[in-house]
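Written below as structure tokens is the structure these notes are about.
Each value in this text was obtained by applying a stated rule to the coordinates, not by laboratory testing. Note that the structure is a prediction, hence the values are computed from the model and not measured.
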Amino acid sequence: MTNPMRPSRETPGLPTPPKGWPIGSYSTYAEAQRAVDYLSDQNFTVEDVTIVGVDLMQVERVIGRLTWGKVIGGGLVSGAWLGFFFGCLVALVFTGNPLGPIIVGLVGGMVFGVISATIPYAATRGQRDFASTMQLVAGRYDVLCDPKSAEKARDMLARLQP
């Protein structure tokens, strides 16, 4: 039995730093993936290989300006979809005309959608009038390999055409 006050050296489920020797460094993930795919095509034991993103950055890409019209329109559309879905579910078990639950669901969803979209937007008080997406990207991607086969992998990657 293990003692919770004295964890073992390798606690399952916790992240561990990557290990291995570098066999290649690439500016994009696609290039690193291509290198590992090449090793796989050459019947190399790719279980010994790890792709590591180095110099991580959080990138926020602005995709457009937000206005009250866009916020309300987005709330209406997303609410309508949700309301339509729930209306259809209720219509499946409803004994009367199925159009009633669908219309009630649609209208209720639209009201809920507008409320759930406008309250957070109003709370920003004009401090964030743009929409964006967030990504985690790396400055470079290193391919590491277990030391027992790193030299062989490095030689194989040297034959990979750019």
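Expressed as a whole number of Å, what is the distance separating the alpha-carbon centroids of the range 126-153 and the range 50-82?
20 Å
If you bin every alpha carbon distance in the range 93-162 into 5 Å steps from zero, what whole percent lands in each bin?
Result returned by the calculation: 3, 10, 9, 9, 8, 7, 6, 6, 6, 6, 8, 10, 7, 4, 1.
Compute the relative contact order of the chain as a whole-number percentage, counting only Cα pairs closer than 8 Å that sit 6 or more residues apart in sequence.
Worked out over the chain, it gives 41 percent.
So I have (1) 55, 32, 31; (2) 58, 39, 25; (3) 70, 48, 42, and one of them is Cα extents along the principal axes in Å calculated from this model. Which one is it?
Answer by label: (3).
Would you work out if the range 43-108 is rounded, prolate or oblate? Take a ≥ b ≥ c from the square roots of the eigenvalues of the alpha-carbon gyration tensor; rounded if a/c is under 1.5, else prolate when a/b is larger than b/c, oblate otherwise.
Judged from the Cα gyration tensor, the range 43-108 comes out oblate (a/c at least 1.5, b/c at or above a/b).
Between Glu31 and Arg159, what length in nm is gained on full extension when 0.36 nm per residue of separation is reduced by their alpha carbon distance?
Result for the pair: 44.6 nm of gain on full extension.
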